[in-house]
Amino acid sequence: MSSQHTSISPLTTFLIAAFFLLSLFPATFVSVLWAPYNSLASYYIPVAAPRSTVLCSSPNICTIPPTMSWFQKQFTLPSRSRGSYLITDTILKELPEIKNYKTGLLNLFIQHTSCALSLNENWDEDVRADMSTALDRIVPEDKKGQGLYRHDAEGSDDMPAHVKSALIGASVTIPITNGRLNTGTWQGIWYLEFRDMKHSRKIVATIQGEKN
Amino acid sequence: MSSQHTSISPLTTFLIAAFFLLSLFPATFVSVLWAPYNSLASYYIPVAAPRSTVLCSSPNICTIPPTMSWFQKQFTLPSRSRGSYLITDTILKELPEIKNYKTGLLNLFIQHTSCALSLNENWDEDVRADMSTALDRIVPEDKKGQGLYRHDAEGSDDMPAHVKSALIGASVTIPITNGRLNTGTWQGIWYLEFRDMKHSRKIVATIQGEKN
Amino acid sequence: MSSQHTSISPLTTFLIAAFFLLSLFPATFVSVLWAPYNSLASYYIPVAAPRSTVLCSSPNICTIPPTMSWFQKQFTLPSRSRGSYLITDTILKELPEIKNYKTGLLNLFIQHTSCALSLNENWDEDVRADMSTALDRIVPEDKKGQGLYRHDAEGSDDMPAHVKSALIGASVTIPITNGRLNTGTWQGIWYLEFRDMKHSRKIVATIQGEKN
């Protein structure tokens, strides 16, 4: 038996084995096995899409762009009647997720048309009282029945509330930097309620940015 | 001939073949062939960049963050003269892409300085008429020639239009949730035209967010 | 010696070698070596996460979504006393990064509560003078001591400045299209200072979008 087998040398056996194995997986051989040698200096591989690249330190350890992230939450503000309210603490308590964002923006959107959100002085409560009365002078109610407003079925405070809402606005956008709202020293988030009766106002908070 | 070959045993032949094959591709051996064994429990592979990770269930099946997307479109609003107009339907018709976004924001930006965009009551047209007249009282025209404004070459409605534009604002930002604008029940998108004559106003709409 | 070895044929040696090699790396065999054959027509590989896909033209050349990017910078505006100022050029000079964004948004946020940012007419300086005096009429100072404001310790210009700040707003959001701010022909970026004395105001600029 020996004499039959020995007509193929062990070296030949080895070479056949090697090429047989590799020939089983030619695409693998080219794309996977050979890949590490394609650009040993750098694995910065240009990709098919025009503006996209993947930085790989080896074929399966790739750098992707920093994690972009969106977060959205709806919540209700404590019920309030007419006045200006500092709600920075309420917002921060509702949105601990802010701390996860290195660079980003917080959008607060109030889903109503007779109140508003703003940024203003965060220290002296007189500023908030003055704001409410100043807005009352700018957009007066029709107390004397002069026919200032057609839309008056819901009370004399209603139409002025809509005008104030248009003037101040339904949303604020605040930069986030290193996990904190990047407001100035004296800036606080204000909720301005323009209706006399207590209202529960709903907010949609949208956080977007680059995560830590 | 047999006696020459048999000085190398088949086991030796095999080991030489194996190590020769592997030695051909040492980097592959380490980075590719061995990779699946590095963390069989999880393929959460930390990458070179500080904040980036790729979650792989096998070396070439990797999880990337949810698809972030930007969409931008410019269009012209139907031509209007002075007044307040509800344009929610126009906006939704121009932007069917909103439905593709799970979480996002729509920014509408009007490229003019004597009109404005706002969010306000979407039901009673009296509110829109009242808004226009209320703004006229807040920013009166100089009908009696009192010298209220230096900039009057374009008509008495022009400078008050610029002031109203500054008060109301050139853009609104509205949250998108599950493919819909997440506005309140009574909120509509308003276009306020402050010039007497008909104007065709251009809007830049920017949608950004996480796609469905 | 020969007769002992030749009991294992070279073919058997080869098969043992091949399967021994492959059995060393079964996971590799399945996931790596075989991967190129899974879908030769397309390497569009669905990934574990619900909404994520990676398009690969080979196992390590993958398409990722267009590069999303955030950029944030803080800077101080030239010091100004009461008035309306066109700051478009200042902003563009501070933010050459705008040109890197194909589609995006610029948010400018002023970290103070007695000044404001706005978009308005960029040509006639009379518009800026008229704006300041018009806002003075809308939110008058208490020159006659009528008790209009409780918060008056910092001067008669202070509380009106807070009200104007609420009316105009602390931030503007401007679309970016093909590396440029997509403002209208007559739109410029305004900084409105409401305090009499010169103030140095800090701005947080946040750019986000899809890069070129």
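The values are calculated or read from the model by the stated rules, or taken from the named source; none is laboratory data. Keep in mind it's a predicted model, so treat the numbers as computed, not measured. Quick reminder, even Gly has a Cβ in these numbers, built from the backbone with ideal geometry, and neighbours come from all protein chains shown. Areas reflect the complete protein model, heavy atoms only, side chains present, ligands, DNA and RNA absent. Shrake-Rupley method; radii C 1.70, N 1.55, O 1.52, S 1.80 Å.
Working note: Karplus 6.51/-1.76/1.60 with θ = phi - 60° gives region B:185-202 the couplings 3, 9, 9, x, 8, 10, 10, 10, 9, 9, 8, 4, 6, 4, 10, 9, 9, 9 Hz, where Gly and Pro are set to x. In this assembly of identical copies, the label point of residue A:83 (Cα plus 7 Å along Cα-to-Cβ) is separated from its counterparts by 4.1, 4.1 nm, sorted shortest first. Listed by chain and number, the lysines whose C-alpha is less than 27 Å from the C-alpha of residue C:198, apart from same-chain residues fewer than 8 away, are B:164, C:73, C:93, C:143, C:144, C:164.
Under the √(5λ) rule applied to the eigenvalues of the Cα gyration tensor, what semi-axes describe the equivalent ellipsoid of region C:119-182? Give them in Å, descending.
Working: eigenvalues 203, 45, 11 Å².
Taking √(5λ) for each eigenvalue gives 32, 15, 7 Å, largest first.
The Rg/Rh ratio for region A:68-211 is 1.03, where Rg is the radius of gyration of the alpha carbons and Rh is the Kirkwood radius. Accessible surface buried at the A:C interface totals approximately 4900 Å², computed with a 1.4 Å probe on protein heavy atoms.
How high is the FRET efficiency between residue A:178 and residue C:129 when r is their beta carbon distance and R₀ equals 35 Å, given to the nearest 0.05?
Values: r = 40 Å, r/R0 = 1.14.
Efficiency computed from Cβ-Cβ geometry: 0.30.
Inter-copy label distances for residue A:96: 4.4, 4.4 nm (label point placed 7 Å from Cα along Cα→Cβ; shortest first). Once amide H atoms are placed 1.01 Å from N in the peptide plane, what residues at a sequence separation of 5 or more from residue A:103, or on another chain, have their amide H within under 5 Å of its amide H? For residue A:103, whose amide H was placed from the backbone, the distant partners under 5 Å are A:178, A:210. The order of the peptides A:201-208, B:70-77 by mean Cβ neighbours within 10 Å, most packed first, is A:201-208, B:70-77.
For region A:68-211, with all protein chains present and a 1.4 Å probe, just round the carbon and sulfur fraction of the accessible area to a whole percent. Walk me through the numbers before you get to the answer.
Numbers: 2580 of 5540 Å².
Carbon and sulfur: 47 percent of the exposed surface of region A:68-211.
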